Amino acid sequence: MENPIPTNPEVKKFKLGRILLYLLLLGAIVFLAIKLRQSETGRSAHTRKMEKQIKEQQQFIQSLQQTVQSQGSQLREYKPYQAVIRAAALRDSIYKLLPFSFGETVFIMPDSIRATINAVHISGNASEYSIKYLVRTKKGDYQTISITDLKK
């Protein structure tokens, strides 16, 4: 019959395995503790960096707010003229789309008379409009001509 009590070499193997297991667990704990410390250091460095960026952004926002306040106080005097300024901007944007500009030399068709553009007359209502140029001929006469009668 087999002896249920382990012999001496089996006990030594069991104790040796247990010691190796404890060393392995201790090594894993030390490794994880080192990794935890490194991650805490990295986290604190990242936190400091983010706090610095937040402070820089706050300073930038404050400088922008000061600029807005100073510009706002300067623009308040132009507030009553806001509609006129918008109308002038719209007019200028329309003029950029036209084929001829002020001071440009054009030919009045069909006779090919040279003329210089002095003004643009835009008129109309909700359903129709007309665009005509006021031109000055070489003789000094002023004529109102439609776009279709002018060539470059």
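Every number in this text was worked out from the coordinates using simple rules, so none of it is lab data. Predicted, not measured: the structure shown is a model, and the values here were computed from it. Every residue, glycine as well, gets a Cβ built from its backbone with ideal geometry; the counts of neighbours run over all protein chains shown.
Could you say whether any residue in the stretch 87-101 is in contact with a Leu (Cβ under 7 Å, 6 or more places away or on another chain), of a type outside the set (Val, Ile, Thr) and part of a loop (DSSP other than H, G, I, E, B)?
yes
Can you tell me how many residues within the stretch 106-146 are assigned to a loop (DSSP other than H, G, I, E, B) and either among the aliphatic types (A, V, I, L, M) or within 18 Å of Arg91 (Cα to Cα) (or both)?
Number satisfying all stated conditions: 4.
If a residue must be within 29 Å of Lys151 (Cβ to Cβ), of a type in the set (A, V, I, L, M) and exposed (fewer than 10 other Cβ atoms within 10 Å of the Cβ), how many such residues does the stretch 73-116 contain?
Final tally of qualifying residues: 1.
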